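The next block holds one structure in the form of structure tokens; read it before the comments.
No lab work stands behind these numbers, since they all come straight from the coordinates. This structure is a prediction, so every number in the text was calculated from the model and none was measured. Here Cβ is always computed from backbone atoms with ideal geometry, including for glycine, and neighbour counts include all displayed protein chains.
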2 protein chains.
Amino acid sequence: MRAEILSIGTELLLGQIVDTNANFLAQQLPTLGLDLYYVSQIGDNLQRLRDAIRRGLERSDVIICSGGVGPTEDDLTREAIADVLGETPTVQPELEKQLREFFTRRGRTMPARNVKQATTIPSGTYLPNPIGTAPGWWVERDGKIIVAMPGVPHEMHKMWEEQAQPRLAKLISGGVIFSRTLKLAGIGESHAEEALGDLTHSTNPTLATYAKSDGIHLRLTAKAATQQEAERQLEAFEPRVKERVADWVYGGESDSFPAVVGAILRERGLKLAVAESATGGQLASLITEAPGASDYFVAGYVVYSAEAKRALGVSPEVLREHGTVAEATTQALAAGARQASGANVSIATTGNAGPDASEDKPVGLLHIVVDIGGRQVCQETRYSTTRTEYKRRGAQEALYLLWRELKRAA
Amino acid sequence: MRAEILSIGTELLLGQIVDTNANFLAQQLPTLGLDLYYVSQIGDNLQRLRDAIRRGLERSDVIICSGGVGPTEDDLTREAIADVLGETPTVQPELEKQLREFFTRRGRTMPARNVKQATTIPSGTYLPNPIGTAPGWWVERDGKIIVAMPGVPHEMHKMWEEQAQPRLAKLISGGVIFSRTLKLAGIGESHAEEALGDLTHSTNPTLATYAKSDGIHLRLTAKAATQQEAERQLEAFEPRVKERVADWVYGGESDSFPAVVGAILRERGLKLAVAESATGGQLASLITEAPGASDYFVAGYVVYSAEAKRALGVSPEVLREHGTVAEATTQALAAGARQASGANVSIATTGNAGPDASEDKPVGLLHIVVDIGGRQVCQETRYSTTRTEYKRRGAQEALYLLWRELKRAA
């Protein structure tokens, strides 16, 4: 069945709020077996709301609205639904009584205009709102369903979970969609797709790639008659996917890359230190995203000045001969960080995050050195991006190199 | 003129990402004099994309798309626009050359499929993307405009600001809306609104507050017949706003807080060092967001272990008596960072970023010490948030404290 989401409120079109309701609902629909094809944000305008609902009834089976069910003149969701269906809202005495009691409990009198919140239409019924004054609507007509819920996120979430979702689940029979995520580090989206090859054309299960801030996410999705059958399909598909991207897969949905790398260090009893020039603290900050990082991360040095580099053991000769941005300098920093902190593993970075060239070193250049007990691996990369992104991607890449070398050393 | 936003990508319909692009663009349109009536999220499906573009051309003057301009088979925005307009995309040799160079600079070969990113149609031209591989499209036909930009937010923001917005501004005549932004640090949104009082009800110019990752932004917007008149209105309004939030205003639209603090240090010839436990490198990373930070930022120490704290001069007695999370320990770290690095100004942090309590210190506790030439100021704060947010806000607060003390010392 096809579902459609309408997020209603002029504040969305003015950019005053981000539409997190659509995101919440979008995540909920696959488990109900609903295919979501359309999401729209509509202002508080009766004509445009009517158009959106009419179009929704033509192309979708289920329309899920949030917003526009308050008591003010701007709240027009009920009016638009009633108009499109050609039905007249009438006050439900039982609901009106509940609303009045809600105000009485708070020591207030219900304003006259709130009475419109106590209405329903012949094809509909109301959805109670135990934590607010705006009840929802559940409308069934000609095989189509319209759900209208409040726009306030915590009220909508509760009404969805307690009222709308169970009603939808009961109505919808047939197949389910089940998904699983794999996360990759150290590879870009295009190269990941090339490595996956024909698997990206698989129709059931499907395989989709997403570039995220913590790497590439692969989403494996199976459609089947039952949850068990869908899970079984994924069990068979996942190893085929993993085989093609084995070098880069670090975990699933709930895994974070810093925690995955940290777990290896913890398990092997290794202690880590970093010496950062180019990444300016971003690498230490990435490493300390993992709870319990103090188990293995002993010290970070942000060596922004030549003086700080010398203090960590980079010799005046190396600095004079190679400059502050150079492979030899980065190697000396990695060794220095390890020795100064007593760690057995270290990472060092030097480079130029921009925006201006310095020491004739081009903007975007980054040297990374990983040092495991004195064995060093060097990498030189060039980024064409902002200073912030340079630091973020450089830190990711540096941690990826450490992870790769730790796996090789296993 | 009517504008419409299309956010393109199946990941939006699967709820994997929140559509912050539509929110960013919605905030930008009023200053161009564009009325936004429709926002939609569309999946990576050629038929539905074509329908959305066709409908957009019927009901809007300007269609602004983000997403779907990557190199993969799922990226169909270009194809859909060309189909609807009945035009054929052809490769632009100059653009293809630029794309190949982008890959060469990173020491990689451009995958064959990326060639489709080098195409345009007869009614269109491309918008350069200096920080990514996905160029945008600018299409003008029959008095309508279609803009297609990448979905990656920082690439889209840059392309909007440098390419799309100026082109639109040039095309759109008539009354103007002119805005100016003031940025605040060290204050929350509610308190900022309290301080601003009745000014938030002003109708022209208007005053709106937004909570952003780098502090509270105040948006002052004037409507007038000419740009000059709108600017004149803002010239009169701005001082009245600034007066109420004088303690927290650090700059305008193009100012970044790290650069503002850095400019003071540079001007006074001061050298800065930091010693971070709780903020784990995030404070150094924040400071090094400012280009040229090496002028004044000499060294950062991420002292995650007790050993690293001792190495920076925290005495065993202080650690034994107060623990690793304590005001006295933070004071010793601030003094130690200054002395070890030769800096005259320092900041130190200790605390518990969570998720678990340690040493009986509650989750969310943060000690900050700012040390200016030996004069120390201490602050204790409690955050109820995630580990990532704790580090981010803690680093912001620490830098705010330094800024406040530098201003007081002036």
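Assorted remarks:
- Label-point distances for B:ASP255 to the equivalent site in the other copies, using a point 7 angstrom along Cα→C-beta, read 4.6 nm when ranked shortest first.
- J(HN,Hα) series, the stretch A:36-53, from Karplus relation 6.51 cos²θ - 1.76 cosθ + 1.60, nearest Hz, glycine and proline x: 9, 10, 9, 10, 9, 10, 10, x, 7, 9, 4, 4, 5, 5, 4, 4, 5, 6
- Pairwise FRET efficiency - B:LEU46 versus A:GLU11, Cβ, R0 = 41 Å, nearest 0.05: 0.80
- Set the Cα radius of gyration of the stretch A:257-408 against 2.2 N^0.38 Å, with N its number of residues, and you get 0.95.
- Tensor-based shape of the stretch B:231-329 (alpha-carbon gyration tensor, a/c under 1.5 rounded, otherwise prolate or oblate): prolate
- With R₀ set to 51 Å, the beta-carbon distance separating A:ARG141 from A:ARG105 gives a calculated FRET efficiency near 0.90.
- Look at the stretch B:7-14: the mean tally of other chain Cβ atoms within 10 Å of its residues' Cβ atoms is 6.
- Inter-label distance for A:GLU380 and B:GLU359, nm, one decimal - labels placed 7 Å from Cα along Cα-to-Cβ: 4.4
- As a length-normalised measure over Cα pairs under 8 Å and 6 or more apart, the relative contact order of chain A settles at 10 percent.
- Shape analysis of the stretch B:11-56 places it in the oblate category; the axes a ≥ b ≥ c from the Cα gyration tensor give an a/c of at least 1.5, with a/b not above b/c.
- Remark: the stretch A:302-313, residue by residue, has Karplus-estimated 3J(HN,Hα) of 9, 9, 6, 9, 4, 4, 5, 5, 4, 4, 8, x Hz, where x stands for each Gly or Pro and the curve is 6.51 cos²θ - 1.76 cosθ + 1.60 at θ = phi - 60°.
- Taken one residue at a time, the phi angles of the stretch B:288-298 give Karplus couplings (6.51, -1.76, 1.60, θ = phi - 60°) of 7, 5, 6, x, x, 4, 5, 4, 10, 8, 8 Hz. Gly and Pro are set to x.
- Estimated purely from DSSP H runs of n ≥ 4, each contributing -39500 (n - 2.57), the mean residue ellipticity at 222 nm for chain A is -11500 deg cm²/dmol once divided by its residues.
- Seen from every direction in turn and averaged, the convex hull around the alpha carbons of the stretch A:1-174 projects onto 9.6 nm².
- More than 36 Å apart - percent of Cα-Cα pairs taken over chain B: 42
- For peptide B:21-30, the mean count of partner chain Cβ atoms within 10 Å of a residue's Cβ comes to 4.
- Under-5 Å amide H pairs with B:SER202, H placed in peptide plane, nonlocal only: B:LEU207
- For chain B, built as a Gaussian network whose Cα springs stay under 10 Å, the top-fluctuating residue of B:PHE24, B:PHE297, B:PHE237: B:PHE24
- Where only alpha carbons of the stretch A:76-123 are counted, the Rg and the Dmax (Å): 12.2, 38
- The amide H of A:CYS65, built 1.01 Å from its N in the peptide plane, has A:LEU6, A:VAL147, A:ALA148, A:MET149 as neighbours under 5 Å, considering only residues 5 or more places off or on other chains.
- Averaged over the residues of peptide B:39-48, the number of Cβ atoms from other protein chains lying within 10 Å of each residue's Cβ is 4.
- Taking 28 Å as the straight-line reach from the Cα of B:LYS158, the lysines in range (excluding those fewer than 8 positions away in the same chain) are A:LYS183, A:LYS212, A:LYS361, A:LYS391, B:LYS97, B:LYS116, B:LYS144, B:LYS170, B:LYS183, B:LYS212, B:LYS223, B:LYS391.
- Between the stretch B:312-374 and the stretch A:110-163, the Cα center-to-center distance that results, in Å: 53
- Counting charges near A:GLU317 (Lys, Arg +1; Asp, Glu -1) among other residues having Cβ under 14 Å from its Cβ returns a value of +2.
- Taking the longest Cα principal axis of chain B as reference, the axis of helix B:257-268 is set at about 50 degrees.
- When peptides A:68-75, B:32-39 are sorted by average Cβ neighbour count within 10 Å, with the highest value leading, the order is B:32-39, A:68-75.
- Largest-first ellipsoid semi-axes for the protein assembly as shown, taking √(5λ) over the Cα gyration tensor eigenvalues, angstrom: 46, 33, 29
- A point 7 Å from Cα along Cα→Cβ stands in for A:THR125, and the other copies hold the same point at 6.1 nm, listed in rising order.
- Sparse-neighbour loop sites [GluC sites (Glu not before Pro); the stretch B:322-410; at most 14 other C-beta within 10 Å; DSSP]: B:GLU359
- Charge dipole (debye, nearest 20) of chain A; +1 at Cβ of Lys and Arg, -1 at Cβ of Asp and Glu: 580
- Close amide H partners of A:GLY9, meaning residues 5 or more places away or on another chain with modelled amide H under 5 Å apart, are A:ILE42, A:GLY43, A:ASP44.
- Förster-model FRET efficiency, 56 Å R0, A:GLN339 and A:GLU253, C-beta, rounded to 0.05: 0.90
- Three-way shape label, the stretch B:1-89, alpha-carbon gyration tensor, a/c 1.5: oblate
- Across the identical copies, how the A:GLY86 labels are spaced - nm, sorted shortest first, 7 Å along Cα→Cβ: 3.7
- The stretch A:240-269 and the stretch A:16-70 have Cα centres lying 37 Å from one another.
- Environment charge of B:GLY43, counting only residues whose C-beta is closer than 10 Å and scoring Lys/Arg +1, Asp/Glu -1: -3
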